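The values are calculated or read from the model by the stated rules, or taken from the named source; none is laboratory data. Computed from a predicted structure; not experimentally measured. Counting neighbours? That spans all protein chains shown, and the Cβs are built from the backbone with ideal geometry, glycine included.
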Amino acid sequence: MESGPHPGFFSAPLRAVDPDVAAAIAAEFARQQHVVNLIASENIVSRAVLEAQGSVLTNKTVEGYPGRRYHSGAEHVDVIETLAIERACRLFGCNFANVQAHSGSQANNAVFVAMLNPGDTVLSMDLNAGGHLSHGAPVNISGKWFNIVSYGVDRTSGRIDYAEVERLAIAHRPKLIIAGGSAYPRAIDFPAFRAIADTVDARLLVDIAHFAGLVAGGAHPNPVPHADVVTTTSTKSLRGARGALILVGRDAALAKRIDQAIFPGLQGSPALHIVAGKAVCLSEALRPEFRQYAQSVLDNARALAATLIERGLQLITGGTDTPLLVVDLRGRSVTGDIATDALERAGITCNKNAVPFDPEPPMVTSGLRLGVSTGTTRGFGIAEFTKIGHWLADVLDAIPETPDKARATEQQIYEKVRAMTARYPIYPT
Ligand SMILES: *Cc1c(COP(=O)(O)O)cnc(C)c1O
């Protein structure tokens, strides 16, 4: 006789209990298998990370930090959270890590709670120039509660103008300066930001969400020695669980305020299955293979950039130092929304994205943001990304043709995408 609140509660598989959700998950798995995914904020986690995230840890709650919990029965989850913290510190070379933030936006909010009072001035990158919503966009809590001053990028180079950042810092005396964004393809000069922050006695937050995997794998400079605090998602190029990390280099008092800002400031119990997923992905990122993956991400991003340029497309800043690139469609007869729809019909997923000084509204845009992390994880190398670059250009070139011709091109590329993705299966069943 089976125990539980009803027969099958502990044993019946999802497909028996909820065929509708099971069918949608199966369809999503097939979709992931069959598309060339260039969405920069996505990646494919290992079987091990999936398993940790789908484990019985989902049943456990705690509040507080390892060794100082409000709920009992925490001995095993304490082991897991401690491993995650130690691994994050080893990987990024910091003394303190908080691994409880449910998301990257939440991690940034914790930094604000730890460092700022409502109304304080923050200097951060404009969303339209490639910044992130949680860095002070007017529609976000950060933009509503703080006095946001934004820096942009230079109109011709597309790069951060450090002289402008310094001028704004001196004029507005921010309490916090934020470096990092979600559509800025170039390496940021962390020592320059540190110097500017020191000039005006501001704190420096560096948000490395998109390129954390490259930092972890030694393919990008590490901001930890220069920043007061570093935030990152554990997703994207870091290739792990759905959450975030907050890293503090040396300042123990600040690290304590960050911990208090997460709990009890913003969250109750951490999601322990996600904390376990973070521990696992951090252990993966500490292995030698991860350095190869990180270098491949960079090589692939540059190969894709070179192919697109060869095909006559413009890139913001003319290239990339990160997993992402931004295509500038201004001057072509196609907008970001139309381009993404055409690419999706051809089996290539990506997102429309505003370019700096974009004349189009946010739902239209004049740009595409492309990322190579997912493809690199599948095993795509320079040869594959060169092909993908040509396919992408073929689809964009066909858009102004007659609808029949455009659809025919999309169909041809779709078949090539199916053939390539079939050779790189994910999660063997
Ligand atoms: C993706 C991203 C975030 C937010 O991550 P969520 O987990 O989606 O909240 C924060 N900052 C930057 C720079 C990002 O790119």
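At a glance:
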read-out	value
Evaluation of Thr340 against (1) in contact with an Asp or Glu (Cβ under 9 Å, 6 or more places away or on another chain); (2) closer than 29 Å to Gly240 by Cα (one fails), failing number	(1)
Which numbered condition Val224 fails, given (1) touching a helix residue (DSSP H, G or I) at 6+ places or on another chain (Cβ under 6 Å); (2) assigned to a helix (DSSP H, G or I); (3) more than 11 Å from the ligand (Cβ to nearest atom)	(2)
When residues of the stretch 390-402 are limited to those that are surrounded by fewer than 22 Cβ atoms within 10 Å (Cβ to Cβ) and assigned to a helix (DSSP H, G or I), the one farthest from the chain's Cα centre (by Cα)	Ala398
Some residue of the stretch 241-254 being part of a helix (DSSP H, G or I), of a type in the set (Asp, Glu) and more than 20 Å from the chain's Cα centre (by Cα)	no
Residue among Phe211, Phe263 that alone is among the aromatic types (Phe, Trp, Tyr) and in contact with a strand residue (DSSP E or B) (Cβ under 7 Å, 6 or more places away or on another chain)	Phe263
Residue that is surrounded by the fewest Cβ atoms within 10 Å (Cβ to Cβ) [pool: residues in the stretch 127-152 that are within 13 Å of the ligand (Cβ to nearest atom) and of a type in the set (A, V, I, L, M)]	Ile141
Of the criteria (1) within 15 Å of the ligand (Cβ to nearest atom); (2) crowded, with 22+ Cβ neighbours inside 10 Å; (3) over 18 Å from the mean Cα position of the chain (by Cα), which one Asp207 fails	(3)
Options Gln106, Gln32, Gln53, Gln100; residue that is at pLDDT 95 or above, touching a Pro at 6+ places or on another chain (Cβ under 9 Å) and within 30 Å of Tyr184 (Cβ to Cβ)	Gln100
Hey, Ala23 part of a helix (DSSP H, G or I) and in contact (Cβ under 8 Å) with a residue 12 or more places away in the chain or not	no
Inter-residue pairs, beta-carbon under 7 Å, first closer than 14 Å to Glu284 by Cα and in the stretch 41-69, second more than 16 Å from the ligand (Cβ to nearest atom) and assigned to a loop (DSSP other than H, G, I, E, B), 6+ apart	Ile44/Ile426; Arg47/Tyr427
Neighbours by Cβ (under 6 Å, 6+ apart or cross-chain): first from the stretch 100-122, among the polar types (S, T, N, Q); second in a helix (DSSP H, G or I) and within 8 Å of the ligand (Cβ to nearest atom)	Ser105/Ser134; Asn108/Ser134
Residue list for the stretch 26-55, filter: part of a helix (DSSP H, G or I) and of a type in the set (A, V, I, L, M, F, W, C)	Ala26, Ala27, Phe29, Ala30, Ala48, Val49, Leu50, Ala52
